[in-house]
1. Keeping to region 35-51, report how many residues are surrounded by 14 or more Cβ atoms within 10 Å (Cβ to Cβ) and at pLDDT 95 or above.
2. Only residues that are among the small types (Gly, Ala, Ser) and either assigned to a strand (DSSP E or B) or touching a helix residue (DSSP H, G or I) at 6+ places or on another chain (Cβ under 9 Å) (or both): list them for region 25-42, please.
3. What do you reckon, is PRO10 in contact with a Ser or Thr (Cβ under 8 Å, 6 or more places away or on another chain) and part of a loop (DSSP other than H, G, I, E, B)?
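The values are calculated or read from the model by the stated rules, or taken from the named source; none is laboratory data. If you're wondering where the values come from, they're calculated on a predicted model, not measured in any experiment. Note: ideal-geometry Cβ built from the backbone for every residue, glycine included; neighbour counts use all protein chains shown.
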Amino acid sequence: MDDLNAMLEPGQMVRHPTQSDWGLGQVQSNIGGKITVMFQHAGKVVLDSRRVALLPVFG
């Protein structure tokens, strides 16, 4: 499967599609299919971009 978060860059805001209780997250890094996000209520989480497509938040 492809990298579902390839377009995300550090500083962008996102939400996890199935973990709404984690709150808003800010992308810290996106390297080699691993994306690190700092979520409001879950802290720093490293995700496999082949398994979850984060939802970009605009505005």
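1. Final tally of qualifying residues: 7.
2. GLY25, SER29, ALA42 - these are the residues of region 25-42 that are among the small types (Gly, Ala, Ser) and either assigned to a strand (DSSP E or B) or touching a helix residue (DSSP H, G or I) at 6+ places or on another chain (Cβ under 9 Å) (or both).
3. yes
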